[in-house]
Amino acid sequence: MASQASLDRHRVSAIIVTHDGQTWLPETVAALTSQTRAIDIIIAVDTDSQDNSLQLLKSARIQVINAERTCGFGEAVSMGVDSLKPRHADVIEWIWLIHDDCAPAPTALEFLLDAVNERPQVAMVGPKLLGWHDRTHILEVGISIAGNGARWTGLEPLEYDQGQHDGIHDVLSVSTAGALIRRDIFEEIGGFDKNLALFRDDVDFGWRTRVAGHTVVAATRAVVFHAQASATERRTIDVEGALLHRPLLLDRRNAAYVLLANSSWWMIPWLSLQLLSSAMARAIGYLLVKLPGYASDELLAVATLLIKPGLIFRARRDRKAHRFVSSRIVSSYIPPRWSQLRMSISRLLEGIRSRLLPDIGGSSQSILDSVEDEDLLVPTKGSRWFNVFRKPEVSGFLFLAVITLIASRMRLGSLIGGALPASPSGARDLWRSYFESWHQVGMGSSQASPPWIAVLAILATVLFGKTPLLLTLFFLLAPLAMMWSILTLFRKLTKNSWISLSASFIYAISPVAIAAINSGRLATVVALIVAPQVPILLINWKKIELHTWRQIFTLTLIFGLLYAFTLVTFVILAGLVIFAVVGDYQGFVLNGDRPLFLTRLYRRFVLLLVPFLLTAPYSFEALISPSKFLSEPGISLPGGGAHLVILGNPGGVGSLPWWLISPMLLILLVALFSSSRAKGFAIYGLGFLAPAVLFSSLSISTHGNSARERVWVGTFLVGATIAASAAGVVILDRIRGVLVSSNFHYRHILAALLLIVTALYSIVTIGWSISVGATSPVQSSRSTVMPAFLSVEKDTKTLVLREVGSFGNKSIQYYISRGRDITLGEPDVAPRQTLRIAVAAQELIDGSGISSSQTFADFGIKYVFVKSPFDRSIIRTIDGLGGFTRASATTNGVVWRVQGVTGRLIFVGADGERTLLEAGEVGARTTVDRPGRVLLTESYDRSWQIFENGYRLERIESEQGLPLFIATESGEISLLHDGTIRRAWLSFELICWIFVIILAAPSGRRKREISEKELA
Amino acid sequence: MKRSIYALLALALSFTLATLLTVTTKSSVFSESYPAVVCPPTLSGLSSQISLSSRKTAFQRLSNRSTKTIPFNVLRYPVSKDSLVISATGVTPVVWQSRAGSWAGGAICSGPTSSQWFVGGSSDVTSRGRLMVINSGLSEAIVDVQAYSENGKQPLVSLNLKSKSYIVLNLDSLATGDKSLTVHVLPRSGRINAFMIDELGAGLQSLGGDLVNPITSPSRTLVIPAIPNQIPKKGQKASGSHTLRVLTPSDVDANVTVELLSADGRFIPVGFNSRRISSGIVTELRLSPKISASAFAVRIKSDEPIVAAISSRVTVKGRKDFVWSTPTPALVPMAMAVTGLTPLIAFASDSIAVKVEVTYLNGKKSLATIKGSDIATWRVPNAARSITIIKASSETYAGALVASANGYGYLPITPGSLLTRVEIPSSNIRVLIP
């Protein structure tokens, strides 16, 4: 404690500024009067308070100066200082600034003076500010300002005061709440800036004090409790110049002002940019949490300042007059950008952690609670590390991980096979594939890329663009993700961990899961992971009005993700919605509650149709080619027939053999006649299974496959499998008690049968997966179909003929390659076969194709490649046809060059002479030397355009269905595919996503809506 | 309970509908056709006639660059020079070539094949034989010709043939000085047929000749169904003698057993049981069976794939001639044009049961059934234009022997072009993933 003598050298005048502060003022006044070091003079400046503040001050016999209601804090302080007697030379006079919402601890002044006693260079000292409501919550120990204008305390949010920041610290500034300022320096510097009526005046003053050659410190032994009433919007902001009376707007505006007025001149452009960009980023953040007012505050704050540069110039001129040292002296007090970033990330992660793993109260045990006799050095809760494996969750997931790893031993690399084409090497290729308006697949296509490509591209970007790694990890971790996802659902159905875990495990090795992974069905795997979350989020499907709109929009995002991968989910949801609406209508007919009916109807249709908008234009194109409603990403491969599907097995390559029958159907049938809620699940399960069986009998031609293939109904079976698993969990959860308490009857037999079938299925399936299943079509491979030398010529079309299929079931198939194998997403946009090419290919094979080579040349097909192994007699047949010259014959296959001038861009002169023009991958720039026709050997599309000498050439569709342009003169031509429509659709899609994300995001609250308790 | 039953009914209904309404997906569509057959060109000094079954049968000359065909309008067509490409549509045309007063021989016109083995010919000083390699395709062709002789494998000859052209190789250039020749014609690309003429002469004296019919591929079992066996008339010196020429193309020696089937019975001639044949070397074995039948057959069994043929010495009007009898594949239903020929067809099998339909020049038809065991012979009636094998017992082999004023000839009874069932390809992007 400082000696009384030394303290007597100081004379302290407390100035309280009040503005509607009756809530806090009694405690403030009491705190001032109970200081261990008495205050010499107390003056109050009341800014025309509308409450009882004035009466409270008068009753405390404090001298009051009345000010205008619009009077700012700095101005009010100046009024208070002006009312003081002139300074004495033999004492050091101090001004102690007190807000009406802060209460100093009794020793606050004493410790503040103690801190400055030995430090004559200190012009301003501040206390440690603690929370008003939670007095262990540390608010500030000195303050600064970040480059983006944020108020910087260097503290964690809601940091607990444990003395970790105690001491006397050199700081840029301290809060005016409880700040002790030397009067002479205050007057010398000119007091607070009048342009800063409220907020950030403290930082500005500290900064000016610093550059005037003085020191500012924070002394933490002095404590002041602060309610931060203005900042937390506990009272209105009435100061002059406070546009719209918005605290945030004023705060941001003043922050920008402080930075621009005090920083070095050469920092101004950079700071302006930083302020503007951070304001925009914060505005977007506020928009996402549906706080448009705050968002506009952010932007208005910067705008109001930037449109008045004269204000800044004047402020800088004023500051220059009092500056003794460079502005850079404060740079050490400005937080570096990385520390702001670190803190932001830390807050984000903490937010996610608290969301996912909320702290469970009462779980911790104090050492003091232990038995008294127990040695305190012995841990109260001893556990061996391997005990962790006794937890069913840990052992269950570990077991599945081991099985998955063994079964996936051939998939530890770049995956290909089944429905999965090769992965592009980088995320950039996926993005390009998604954004481009023209796809170089087959004869070219302008179909919209499916949105799942964008989803993969986002994920691949997170993995530094390594798409192959993404897919490897996806298929490797998919069973674990499926198990986790369904486990979260089952935990809501039973408290028995063993039941929920076993059922989750069986779900992860269900026939549909195994078939989907083994055959590379991206959509079904995603559905298997995501779909279990739907019943968790949509628990009140029948009474959907119980869900808030925010929940509905959250679900639309999930359905949007599912639609993005396959529109089968739209078909399923449409079925569910139709049934539900019919039920709602029946209810409406009975009770006549029209508002309820409409409420449900709107919610159901939003749920069904908004994801349809989110996946536009891909979803809209499905209306034109309905086969897309039943297709999955990648290569079109057939599924199994109805006889397999009814047993829960989707069939097709990579699926379990028919004799490996899952217990799904048995569980559904047993549950269907149970009296528990398992019956409800069973009805839903059959509701999924019945259409699955029906659709499995249909055949569609899609994704670059001209032959009709049986529909893969994996996504339908996901629903059936989830329902069957849930029904099984419910049955097992309650049956043990029933069986124990009842005599032997059919239930015992059924339960035993179910368990035996399930156990048998699990054991045999695991065995099959790690033996035969490991050699399923999807495997890591680096081999290619196309020989490297055909890739040398850019965008050369090659007709590839190949025998495809297993032994005894081989068929000859062909497709046009652009010199390379296909990659992810390309089958989904592959065009239908061109009839003329189909006929030419057929005649090529049967030997009657005298004009096949001419047809191929017309379509720009330069090579014919027969991939080995292939029927030698057909090779001989092709040899026998005219128009093909063998280019090579290797173990890889035989290549013929199609005779004649052919390529991507052909110029046909008036005399019919064909000349090959240079052409890029999509667009091209070249010259024609005379009038004629320019033939582009791509599918006809209205977006193809050629400009010559600034004019657009007339475009017609050739006899072969190719775009043909009439060049009327010689000159340079520019070929392009106009992507305006695609860009418009992408913009529409982006707007839809942003809109729905905002609607689904949790709403932010204004500070005034946050309770005192939460603030504490 | 009502909802449960509805759900169950819905499933049952779906399953029934799915089972009933399943759209059968036909994954493969096929196109069936008979490839055009190619007949050999008529070389200088020879004459050729092609037997046809229909006047409407269309053809084009090999040298004709257009793809248009014209009908023959006759049933027996003399070929002046060029090789002909014939759209025979299932009825195999037969070509009969002869050198007046010297020799005659027959061959079937056939479609392009992936491999042809000619067991016959000679490269010694008496040889006047030639190998004709024809590219009937519209693209250039590459053909490898590999000759074997008693001195082993000879240097490979690679030929480049322009579209719709043929090359004639003298046999004596393939293994100069060697007596016993076997030639393998292996097309690398192109629509290739080859024909071989084995013609011998000593100075101005003709020693006979024949067209050597090819074998598609080496096999462990070969049946040569028709070997002429001229019985000397009383007091005459036996002119008939047979030489079995065998080659084991693989790298391992073969053990060969030759079984003789004749009207006199079935037996293995002395010295022909498990006879070792060195690999890569053309081996000739003299065969002089003491049988009374005018034709006989042999069945050759080997533990390694072999090719073989039998050369039989015959005398026609006092002139020496020889006939190359070659193995045939098992008899299948087929049709062959025989206009102008009255061949003697020999069937060889353990149990022979063959039903043949004969179509005459006047369009009439008759049926004949040939039954027997080991070997049975049947002469095609006069004025027949074609024969059709309607039904044949399994593992039955047939060959035809034709006698003419110029000499003896042999024809394998096998289709020149099989019905080709080509799958029509479908467009599928799946071909572009490994």
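Taken together, the values in this text are just the output of simple stated rules run on the coordinates, not laboratory data. It should be emphasised that the depicted structure is a prediction, and the values quoted were computed from it without experimental measurement. Every residue, glycine among them, receives a Cβ derived from its backbone with ideal geometry; neighbour counts consider all protein chains shown.
For peptide A:637-646, how many partner chain Cβ atoms fall within 10 Å of a residue's Cβ, on average?
On the way: counts 1, 2, 0, 0, 3, 9, 4, 0, 3, 6.
What the average comes to for A:637-646 is 3.
Please compute one quarter of the surface area of the Cα convex hull for segment A:730-885 and express it in square nanometres. Can you show the working numbers first?
Details: hull surface 62.0 nm².
For segment A:730-885, averaging the hull's shadow over all directions gives 15.5 nm².
Counting Cβ atoms of other protein chains within 10 Å of each Cβ in B:183-193 and taking the mean gives 3. Taking every residue in A:138-147 and counting other chain Cβ atoms within 10 Å of its Cβ, the average works out to 0. Quick check: the angle from helix B:2-21's long axis to the longest principal axis of chain B, C-alpha only, nearest 10 degrees? Rounded to the nearest ten degrees, it is 20.
One chain, two ends: A:Ser970 and A:Ser771. Fully extended at 0.36 nm per residue, the span grows by 65.0 nm beyond their Cα-Cα distance.
Given an 8 Å cut-off on Cα distances and at least 6 residues of separation, report the relative contact order of chain A as a percent.
Values: 1871 pairs, mean separation 100.0, N = 1016.
With pairs under 8 Å counted, the relative contact order is 10 percent.
For B:Lys2, the lysines whose Cα comes closer than 18 Å to its Cα, not counting residues fewer than 8 places off in the same chain, are A:Lys679.
Within segment A:706-773, list the chymotrypsin sites (Phe, Trp or Tyr not before Pro) lying in a DSSP loop whose Cβ has at most 10 other Cβ atoms in a 10 Å radius.
In loop regions of segment A:706-773 (DSSP not H, G, I, E or B), the sparsely surrounded chymotrypsin sites (Phe, Trp or Tyr not before Pro) are A:Phe744.
The slack in the chain from A:Phe620 to A:Lys391, taken as 0.36 nm per residue of separation less the alpha-carbon distance, amounts to 77.6 nm. Given +1 at the Cβ of Lys and Arg, -1 at the Cβ of Asp and Glu and no other charges, the dipole of the protein assembly as shown around its Cα centre is 5760 debye to the nearest 20.
At a Förster radius of 35 Å, what calculated FRET efficiency corresponds to the Cβ-Cβ distance of A:Lys85 and A:Lys320, to the nearest 0.05?
Working: r = 32 Å, r/R0 = 0.91.
Step by step, r from the Cβ atoms, then E = 0.65.
Put simply, the amide H of A:Thr107, placed in the peptide plane, has neighbours under 5 Å in A:Thr36, leaving out anything fewer than 5 places away on its chain. Across segment A:834-856, the residues whose backbone nitrogen lies under 11 Å from the label position 7 Å along the beta-carbon direction of B:Ser31 are A:838-852. Calculate the FRET efficiency for A:Phe605 and A:Ile458 from the Cβ-Cβ distance with a Förster distance of 25 Å, rounded to the nearest 0.05. The pair A:Phe605/A:Ile458 has a calculated efficiency of 0.35. About the centre of its Cα atoms, segment A:114-247 shows a dipole size close to 140 debye [charges on the beta carbon of Lys, Arg (+1) and Asp, Glu (-1) only; nearest 20 debye].
Add +1 for every Lys or Arg and -1 for every Asp or Glu among the other residues with Cβ under 12 Å from the Cβ of A:Thr902, and state the total.
Details: positive: A:Lys797, A:Lys862, A:Arg897, A:Arg904, A:Arg914; negative: A:Glu793, A:Asp858.
With Lys, Arg at +1 and Asp, Glu at -1, the neighbours total +3.
Charged side chains reduced to their Cβ positions (Lys and Arg at +1, Asp and Glu at -1) give chain B a dipole of some 1260 debye around its Cα centre. Extension gain, A:Arg1006-A:Leu276: 0.36 nm per intervening residue step, less the Cα-Cα distance, totals 260.6 nm. With a simple spin-label model that places each label point 7 Å from the Cα along the Cα-to-Cβ direction, the separation between A:Lys543 and A:Phe870 comes to 6.7 nm. Relative to one another, the C-alpha centroids of segment A:798-849 and segment A:123-188 are positioned 74 Å apart. Qualifying trypsin sites (Lys or Arg not before Pro) in segment A:668-727, where qualification requires a DSSP coil assignment and no more than 11 other C-beta atoms within 10 Å, are lacking entirely. Counting only Cα atoms, the size of segment A:492-587 along its three principal axes is 42, 34, 25 Å, in decreasing order. Dividing the alpha-carbon radius of gyration of segment A:630-755 by the rule-of-thumb value 2.2 N^0.38 Å gives 1.24. Between A:Phe579 and A:Asn117, the modelled labels are 8.3 nm apart [label points 7 Å from Cα along Cα→Cβ].
Could you tell me which trypsin sites (Lys or Arg not before Pro) in segment A:748-797 are loop residues by DSSP with no more than 14 other beta carbons within 10 angstrom of their beta carbon?
A:Arg782, A:Lys794
With distances taken between every two different alpha-carbon atoms, the protein assembly as shown has a Kirkwood hydrodynamic radius of 41.0 Å. Normalising by residue count, segment A:863-1016 has a Cα convex hull of 258 Å³ per residue.
What's the longest uninterrupted piece of chain A once you rule out the GluC sites (Glu not before Pro) that are loop residues per DSSP with at most 16 other Cβ within 10 Å? If you can, show how the numbers build up before the last one.
Working: sites that count: A:Glu68, A:Glu118, A:Glu159, A:Glu240, A:Glu372, A:Glu374, A:Glu793, A:Glu913, A:Glu918, A:Glu921, A:Glu959, A:Glu969.
Longest run free of exposed loop sites: A:375-792.
Considering only A:Gly592, A:Ser627, A:Gly520, the residue lying farthest towards the positive end of the dipole of segment A:490-648 is A:Gly592, judged by Cα position with unit charges set on Cβ. Placing dummy labels 7 Å off each Cα toward the beta-carbon, the span from B:Ser274 to A:Ser791 is 5.8 nm.
For segment B:338-434, the residue among B:Thr359, B:Ala348, B:Ile390 whose Cα projects farthest onto the positive side of the dipole built from Cβ charges is B:Thr359. Pairs with C-alpha atoms separated by more than 25 Å, drawn from the list A:Lys290/A:Lys628; A:Lys391/A:Lys492; A:Lys58/A:Lys85; A:Lys797/A:Lys867, are A:Lys290/A:Lys628. Taking trypsin sites (Lys or Arg not before Pro) in DSSP loop conformation with at most 15 other Cβ atoms inside 10 Å as exposed sites, chain B has its longest uninterrupted site-free stretch at B:82-161.
The three principal axes of the C-alpha atoms in segment A:2-94 carry coordinate ranges of 42, 25, 18 Å, sorted with the longest axis first. Applying 1/(1 + (r/R0)^6) with r as the Cβ-Cβ distance of A:Asp48 and A:Leu349 and R0 = 60 angstrom yields a FRET efficiency of 0.85. Checking the cross-link filter: which lysines have an alpha carbon closer than 21 Å to that of B:Lys365, excluding same-chain neighbours under 8 positions apart? Cα-Cα hits under 21 Å: B:Lys56, B:Lys355, B:Lys391.
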